[in-house]
Amino acid sequence: MDVNAAVAAAAAIAGVLTGVIAMLAFRWSERDLKRPARSSLHTEPVLPPGVDTVLSVLRSSAVVLDEADSVVKASSAAYALGLVRGGKLAIEPMLQMARDTRRDGEIRQVELDLPRRGAGRGGEALAVSARVAPLGSRLVLLLVEDLTEARRIEAVRRDFVANVSHELKTPVGALSLLSEAVMDASDDPEAVERFAGRMQIEATRLTSLVQELIDLSRVQNDDPLEYAEPVRVDDLVAEAIDRCRHQASTKQITIATGGTAALQIWGNRGQLAAALGNLVENAVNYSAARTRVGIAARRVTHPGGDLIEVAVTDQGIGIPDRDKERVFERFYRVDPARSRATGGTGLGLAIVKHVAASHGGEVTVWSTEGQGSTFTLRLPEAGAPRDRAPLEPDQAPDTGDPGAEDDDHGQSGTSASPPYAPLPSPEVLP
């Protein structure tokens, strides 16, 4: 009996101890469930208050990294640039900057050239500026600014300044040399007269260059629709012909007009006259003697409102295929030698492109080398919606496919097939 009593007492004590241990284990597990796990603190850190809102309104691409280099937060622009892939920062130099900043807390900045997504080897690089700074004690903030467009604009500006300097230097240098020649030939009236004539030609070229620079600056900076009005196409054609009548007469070039009469364009009269005048002047300058230049206008139907097309056709040297997409660039000339002979500056078509774009239209070119060219100016008809956006490539009329790439957001292009005949019922002008 004593042995049985001892066994029973031992069993009771063991049961009590088991119950106490079970109760302690239950309470301990409840406490652990309420306490955040260590791994959760590591993988999902909390952004400081207000940071998420600030990052959402930044223009820069933003990426927040934790101590394990995992992406905590990334803007949509960061994904678009290809900075974040698979939850990780994909650009090794930026990742190394983030690690260095996390180690010493120093803000770092660097400019990088990255391969553009979707472009193979040799494709255009993406220029970016990356800035890394600590965000609290455990996070790192990366801000990336896309500099590609700014660099392109800077390159265009730099080339423009270089071209202007070169073009100005040529007539100025010629005037300097001719003035010295006049002084040395002071005893020879015939030589003085010859050199003076050359000086007059160079002075005229210099004046034309300065004027076209002023015109180009004006059409780029001014809003042409601020002083817009209905402009008769017939008046623009007559003014363009008067501007080139002397050159055409000297080369025995016939200027003929045709198409639909009494059409009107909505826009700035001065800029429209300059644009059409440049097209006609180019046609005369690049045409051989005893040929014909045609000017014709017509109305074409367009979903956004009727357009007026004015086509200028010549029988000149034509434009090689390799040059068609560049003829609207500033100072670009298909035949530099002929341009020097005719006094061309290389700015005329650039002015035409900007005028067309700022008026909600476009200019296209069809050309075959050795057979001539046709430049077609398309502009909104007076009475159509005034605030018209420039034509998109898929909305262009069926007379030509704009294909030229534009660096100033203007519409210009080439036509794969000849446009309509520009002289249905020509009226020959002397």
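The values are calculated or read from the model by the stated rules, or taken from the named source; none is laboratory data. Bear in mind the structure is a predicted one, so any value in this text is a computation, not a measurement. All Cβ positions, glycine included, derive from the backbone under ideal geometry; neighbour counts span all protein chains shown. Accessible surface is based on the protein model in full, side chains and every heavy atom, while ligands, DNA and RNA are left aside. Shrake-Rupley method; radii C 1.70, N 1.55, O 1.52, S 1.80 Å.
Condition test on Leu272, is it under 12 Å from Arg378 (Cα atoms), open to solvent by less than 10 Å² (accessible area, probe 1.4 Å) and of a type outside the set (Asp, Glu)?
Criteria met by Leu272.
Kindly list, by first and then second residue, each pair from a residue in the range 320-333 that is without any contact (Cβ under 8 Å) to a residue 60 or more places away in the chain and hydroxyl-bearing (Ser, Thr, Tyr) to a residue that is open to solvent by 20 Å² or more (accessible area, probe 1.4 Å) and in a loop (DSSP other than H, G, I, E, B), limited to pairs with Cβ atoms under 8 Å and residues at least 6 apart or on different chains.
Hits for this filter: Tyr332/Arg326.
Would you check which residues across the range 171-199 are without any contact (Cβ under 8 Å) to a residue 24 or more places away in the chain and within 21 Å of Leu347 (Cα to Cα) and list them?
Gly173, the sole residue that qualifies.
Step by step: first the residues of the range 290-309, then only those that are more than 31 Å from the chain's Cα centre (by Cα) and among the basic types (Lys, Arg), then the one that is least open to solvent (accessible area, probe 1.4 Å). Which residue is that?
Ranking the qualifying residues of the range 290-309, first place goes to Arg292.
Only one of Val284, Val280, Val327, Val312 is outside any helix (DSSP H, G or I), at pLDDT 90 or above, surrounded by 22 or more Cβ atoms within 10 Å (Cβ to Cβ) and of a type outside the set (S, T, N, Q); which?
The match here is Val312.
Among the residues of the range 66-110, how many are open to solvent by 60 Å² or more (accessible area, probe 1.4 Å), in a strand (DSSP E or B) and among the polar types (S, T, N, Q)?
Qualifying residue count for the region: 1.
Suppose we filter Ile265, Ile214, Ile253 for residues that are among the β-branched types (Val, Ile, Thr) and farther than 25 Å from Gly360 by Cβ; which single one remains?
Only one candidate passes the filter, namely Ile253.
Take the residues in the range 119-148 that are assigned to a strand (DSSP E or B), over 15 Å from Val51 (Cα atoms) and open to solvent by 20 Å² or more (accessible area, probe 1.4 Å); name whichever of them is modelled with the lowest pLDDT.
For the range 119-148, the residue satisfying everything is Ala125.
Which pairs turn up if I take residues in the range 227-248 that are modelled with pLDDT under 90 and look for partners that are surrounded by fewer than 15 Cβ atoms within 10 Å (Cβ to Cβ) with beta carbon separation below 7 Å, at least 6 apart in sequence or on another chain?
Ala228/Arg386
Would you please name the residue that is surrounded by the fewest Cβ atoms within 10 Å (Cβ to Cβ), looking only at residues in the range 245-269 that are in contact with a strand residue (DSSP E or B) (Cβ under 7 Å, 6 or more places away or on another chain) and over 22 Å from Arg378 (Cβ atoms)?
Of everything passing the filter in the range 245-269, Thr254 is surrounded by the fewest Cβ atoms within 10 Å (Cβ to Cβ).
Please find, within the range 46-65, the residue that is least open to solvent (accessible area, probe 1.4 Å) out of those that are within 21 Å of Val128 (Cα to Cα) and in a loop (DSSP other than H, G, I, E, B).
Filtering the range 46-65 for residues that are within 21 Å of Val128 (Cα to Cα) and in a loop (DSSP other than H, G, I, E, B), the one least open to solvent (accessible area, probe 1.4 Å) comes out as Ser60.
Check the range 263-270 and report whether any residue there is within 30 Å of the chain's Cα centre (by Cα), over 23 Å from Glu329 (Cα atoms) and among the hydrophobic types (A, V, I, L, M, F, W, C).
The answer is yes, given that some residue of the range 263-270 is within 30 Å of the chain's Cα centre (by Cα), over 23 Å from Glu329 (Cα atoms) and among the hydrophobic types (A, V, I, L, M, F, W, C).
It is to be established whether one or more residues within the range 206-224 are surrounded by 12 or more Cβ atoms within 10 Å (Cβ to Cβ), at pLDDT 80 or above and more than 19 Å from Val355 (Cα to Cα).
Checked against the condition, which is being surrounded by 12 or more Cβ atoms within 10 Å (Cβ to Cβ), at pLDDT 80 or above and more than 19 Å from Val355 (Cα to Cα), the range 206-224 yields at least one hit.
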